[in-house]
Every structure is written in structure tokens, then in C-alpha cells.
Amino acid sequence: MLARALTAALLLLPTVPLTIAPAASVAQNLPTLGDTEREGLSPLMERKLGEQIMRDIRSDRDYIDDGPVSEYLNDFGLNLVSVHPEVRGEAGFDFQFFMVRDPTLNAFALPGGFIGVNSGLVLAAQSESELAGVLSHEIGHVAQRHIARMLGQQKQNSMIQLAAIVLGALAGVSKAGGDAAMATMMGGTGLAIQRQLSFSRDAEREADRIGLQIMRDGGFDPSGMVTFFGRLQTASRNFSDAVPPYLLTHPLTTERIADIEARIRDQRYKQRADNPQFQLVRVRTQVLQNDSVQGLRDAAERFQSQAKQNTKLQTVAAKYGLAYVYYRQNKLEQADAMLKEAQEASQPFKAGIMFASLDIDIKIARKQGQQALQLADAMRKQFPISRVMARQYGEALIATKRYDEAVAYLRDQAQLYRSDPQIQNQLAKVYALQGKQALQHLALAESYALNGSLLAAIEQLGIARRAPDATFYDQALIDAREREWKEKWKDESKDMKDRG
């Protein structure tokens, strides 16, 4: 719900109309933000706000925390960012991309460089160029700091009026329909509404223009943005009669498509072959979108039908999807056999970590820990910056009962990647297997804190303090962490109270 609320709020982001020339550098075309906008939300506060929102999103069951999918999205999105590093802005935003379980076609940008993608959007995208068009558009929102500029503009427009428009947008895209939307919007004045809606249109066009620059210079086919927005327009017709067009998540789609087509009309057609991982990510997303018992059955039927097609890549993807379904259904022998079929059919395609990651999971589930460890070790050396392979190597060490090696490895990983809660969860798991209670609950406390659950983290510190094996060093660390997190909780509570 938070993700959808923020998506709707992005419709109303105020900006100054700009003309962005198709130059090689986005930085030269960024607006010079005035003091009003900077006072509204500094880059540092923008990032802090984004991190606070992400902590809430990560705790939602619809947040998809799947290693291979997350790694693909982040590799893909960061490659787009690297085309024009200037989009990171003066604060050097560390972009992060993530997926939420939602069948609708949408993506959204949060403050500070966090970009969310609905599972339905990934399934609807027919090529990487289409996906690049959407992500580049959202990168444009972040690059132009639309949210910070919105807060600066609020000094001229009442917060109550702005809230009325946001609530109207939310009511309109929900089952309540257009009547509820219009009733809610009646609380705001006509002048404020008109100003916010015009800003929304300008923000979307601005993000489109920057997105096109990123796509073009990144080697993607710019027409991918046109084809996907056309599909988005078709999908939105089901509810466009109930909601004013300017309150849709992507307002004035027809005008935007015409504007994009005019900009790419003179550009040479650029065909780009998709990475084979794209289709594997799509079928994996199909399973993750509905992982209920019936959902897995339906996915298996679709993949069995797809596997009969003559297209090589579609057949490979279907077999991989079936293997993943069987794994989720705990049909491990069938999963192993189907994955081997997918690997054989994929030659000479290179599927990156996708096949190996599922293979390791299956081997661990089948109690083939030594084989899983050998494969994980080989893959982490082949992909040294892969967080998925690093975590799976840790799991394989635990599966083979090499607890001391697992602790040493995971502690090193925790030093390298201090913001990764999954490493702390793995540490807690291996400490529990070793019977080290104090260290187990300390690791759990670190994990909860990284996920934003400070009260739960403080509670875990209390359990660790009372553990019979807590050493003097452990007690000192517990005291330090408790002071730090209590002060942080106090500050966050004050911030929430002030904003409320």
C-alpha cells in the first residue's frame, strides 16, 4: 500500500517546465534548483527519507526479496545509471532497484535513488529495451529531484490541498472509483489543483526526455519506450473512464507517446539482442507473483505449454520455470531433471547465475551439500561481486557443517557489506547451530536494525544480554548498540511526530 501511495503521489510532483536538448550529458541539462527547493528537502535528507520508506516496504509481504531477480534488476538498472553518472546528482545517490508483488503495469521512484518495479510490469515487458524505457524514465524522476522540488513548492500551496489531491488519486485508482476521487478532491482549491496537475504533466515529459537520452546512449532501442507506453495505455482503458486522465499513474499517455515518437523519428533503428537472463527472470517472476499452491499449479501448466513452442529461448525459459516450480513444490528430483534439460537446451546461451543459483538451492534441499559447496565456490570465483553467489556459498558451508569456516567467511562479508541484513541472518543461523546464544541474538539484532525494526533489535539485545555465554566483550557491544539504537529510535519518533 505504501508503494502504491507513493506512486500516486508522484503524479503530483511539481517542476519547472524545461527544454532538454538531446546532448551527450544529462548534467548539462539539469535544472538549477533555487533556494526554495533546496530548503524543502536537501539531498542528504532526501536519501534519509528514502531509506526510511524502504524499511517499511521491505517489511511488507509483497516486497519480493529474491536474490537472482534483485541482482538482475540492480545490474540492469545500474548499467543504465552508468551511461550518465551525472544522474546521481550532487549527493552521489547510490541507486537501488527492487520489485514488489503487484500485477499492475507500473514502476515508481522514491526519494534518494530507490526505484521500485511491479512484478506485472516485468511480465508485460516484451524486451529489455521496453524495460529500459520504464527504468530510464524513473531514473529521470530521481535525476531531476522532483520530490525535493515538490516540497519546496509546498510553501506556496497548502499541505492540506496537496493531501486532498493525493487522496483523490488514491481513491480514483482503487475500487472506490471516480466518484470517491472527485469527492475527496473537492477539499482542495481549484487553483492549487490546476497548478499541481500541470506540474505533473511537465514532470512526466521531463522524465521521458532524460530516459530517452539514457536509452539512446546505452545502446537500447528508444522505440521500446513507445511500444511499452502503448501497452500501458491499452491496459489502463479498463478504468480510465472512472478516473480523470491526469490522475492516472502515467498521465496523458497519448500525448507523451506522440512527443516521444517525434523525438526518435530521425534516429536510426537500433536492434538490440536481449540478455538470455531477461526471459529467465520473467518466468521466475511469474512464479513469485503468485506462489500459492494453486498459483504454482497454474504456472506449471503455462510453462508446460510454452515448452512445446519452437522458439529456443522460450523453450529454455519454460523448462527453467518448470524446474523452479518443482523446487517450490518440493518435487526435488523433478526439479533437478528439468533444470538439466533447461541447461542442455540453453547451449550456447550464457545464463549467468540463474541456472547455477537454482542448482545450488536444489542440491542443498536434496542434502547434497558437498556438491552444492563445490558449485557455489566455483560460481563465486567466476562472479566475485555477485551477492547471490556469496550468500549461497555461506549456505553451502552451513549445509556441509563447516561452521567455523562459515562464521569466518560471513563475518568478512558483514564487514564488506555492512547494510546487508541477510548476512546477519546467516550468522545467526550458524551461531544457533554452534549453540552460541549471545552471538546468535546479537546477529539477529543487527539484522532487525538493518531492516528498520529498531524495537525488535533492542529486544534481541536484551535476550543476548541474559544469555549464559555472553562474554564481557559481548556485554560491552550490547551496551553500545543499545545506546545507539535507542537514540536513533528517539530521533525517528520525533521526526515522525513532527511530520504528523
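Name the residue that is surrounded by the most Cβ atoms within 10 Å (Cβ to Cβ), counting only residues in region 319-349 that are touching a residue at least 24 places away in the same chain (Cβ under 8 Å) and among the polar types (S, T, N, Q).
Going through the qualifying residues, I end up with SER346.
Quick one: is GLN294 of a type outside the set (A, V, I, L, M, F, W, C), in a helix (DSSP H, G or I), free of Cβ contacts under 8 Å to residues at least 60 places away in the same chain and buried (at least 19 other Cβ atoms within 10 Å of the Cβ)?
Here the answer is no, as GLN294 does not meet what is asked.
Can you find a residue that is open to solvent by 50 Å² or more (accessible area, probe 1.4 Å), in a helix (DSSP H, G or I) and of a type in the set (S, T, N, Q) anywhere in region 451-473?
Taking every residue of region 451-473 in turn, none turns out to be open to solvent by 50 Å² or more (accessible area, probe 1.4 Å), in a helix (DSSP H, G or I) and of a type in the set (S, T, N, Q).
Would you point out the residue of region 298-313, among those that are without any contact (Cβ under 8 Å) to a residue 24 or more places away in the chain and under 18 Å from ARG101 (Cβ atoms), that is surrounded by the fewest Cβ atoms within 10 Å (Cβ to Cβ)?
The residue in question is ASP298.
Kindly indicate whether any position in region 492-499 is open to solvent by 30 Å² or more (accessible area, probe 1.4 Å), in a helix (DSSP H, G or I), modelled with pLDDT of 95 or more and over 30 Å from ASP359 (Cβ atoms).
Checking region 492-499: not a single residue is open to solvent by 30 Å² or more (accessible area, probe 1.4 Å), in a helix (DSSP H, G or I), modelled with pLDDT of 95 or more and over 30 Å from ASP359 (Cβ atoms).
Sort out which residues of region 428-450 are among the small types (Gly, Ala, Ser) and in a helix (DSSP H, G or I), and write them in order of number.
Once the filter is applied, which keeps residues that are among the small types (Gly, Ala, Ser) and in a helix (DSSP H, G or I), region 428-450 yields ALA428, ALA432, ALA438, ALA443, ALA445, SER447, ALA449.
Can you name every residue in region 85-118 that is farther than 20 Å from VAL388 by Cβ, of a type outside the set (A, V, I, L, M, F, W, C) and touching an Asp or Glu at 6+ places or on another chain (Cβ under 7 Å)?
Correct list: ASP102, PRO111, GLY112, GLY113, ASN118.
Could you please tell me which pairs satisfy a Cβ distance under 9 Å, a separation of 6+ or placement on different chains, a first residue in region 245-263 that is of a type in the set (A, V, I, L, M, F, W, C), and a second residue that is open to solvent by 50 Å² or more (accessible area, probe 1.4 Å) and at pLDDT 55 or above?
The qualifying pairs are LEU252/ARG201; LEU252/ARG205.
As an exercise: evaluate VAL316 against (1) touching a residue at least 40 places away in the same chain (Cβ under 8 Å); (2) within 22 Å of ASP65 (Cβ to Cβ); (3) assigned to a helix (DSSP H, G or I) and give the number of the one condition it does not meet.
(2)
Could you grab me the full set of residues in region 210-234 that are part of a helix (DSSP H, G or I), over 25 Å from ARG145 (Cα atoms) and not β-branched (Val, Ile, Thr)?
Passing the criteria: SER223, GLY230, ARG231, GLN233.
When the residues of region 204-230 are filtered to those that are polar (S, T, N, Q) and open to solvent by 10 Å² or more (accessible area, probe 1.4 Å), which remaining residue is nearest to ALA124 (Cα to Cα)?
Selected residue: THR227.
Matching residues to (1) open to solvent by 50 Å² or more (accessible area, probe 1.4 Å); (2) of a type in the set (Phe, Trp, Tyr); (3) in contact with a strand residue (DSSP E or B) (Cβ under 9 Å, 6 or more places away or on another chain); (4) in a helix (DSSP H, G or I):
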| residue | (1), (2), (3), (4) |
| --- | --- |
| LYS381 | yes, no, no, yes |
| ILE385 | yes, no, no, no |
| ILE423 | no, no, no, yes |
| GLN426 | no, no, no, yes |
| ALA480 | no, no, no, yes |
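Could you check region 86-139 and list, in sequence order, the residues that are acidic (Asp, Glu), crowded, with 19+ Cβ neighbours inside 10 Å and part of a loop (DSSP other than H, G, I, E, B)?
ASP102
Quick check on my filter: what residues within region 350-379 are open to solvent by 80 Å² or more (accessible area, probe 1.4 Å) and in a helix (DSSP H, G or I)?
Matches in region 350-379: GLN370, GLN371, GLN374.
Please state which one of ALA449, ALA467, ALA445, ALA457 is touching a residue at least 12 places away in the same chain (Cβ under 8 Å) and farther than 26 Å from ILE53 by Cβ.
ALA467 is the lone residue from the list that is touching a residue at least 12 places away in the same chain (Cβ under 8 Å) and farther than 26 Å from ILE53 by Cβ.
The values are calculated or read from the model by the stated rules, or taken from the named source; none is laboratory data. Treat the numbers as computed from the prediction; the structure is a model and nothing was measured. Cβ: placed from backbone, ideal geometry, glycine included. Neighbour counts: every protein chain shown. Surface areas here come from the heavy atoms of the whole protein model, side chains and all, with no ligands, DNA or RNA. Shrake-Rupley method; radii C 1.70, N 1.55, O 1.52, S 1.80 Å.
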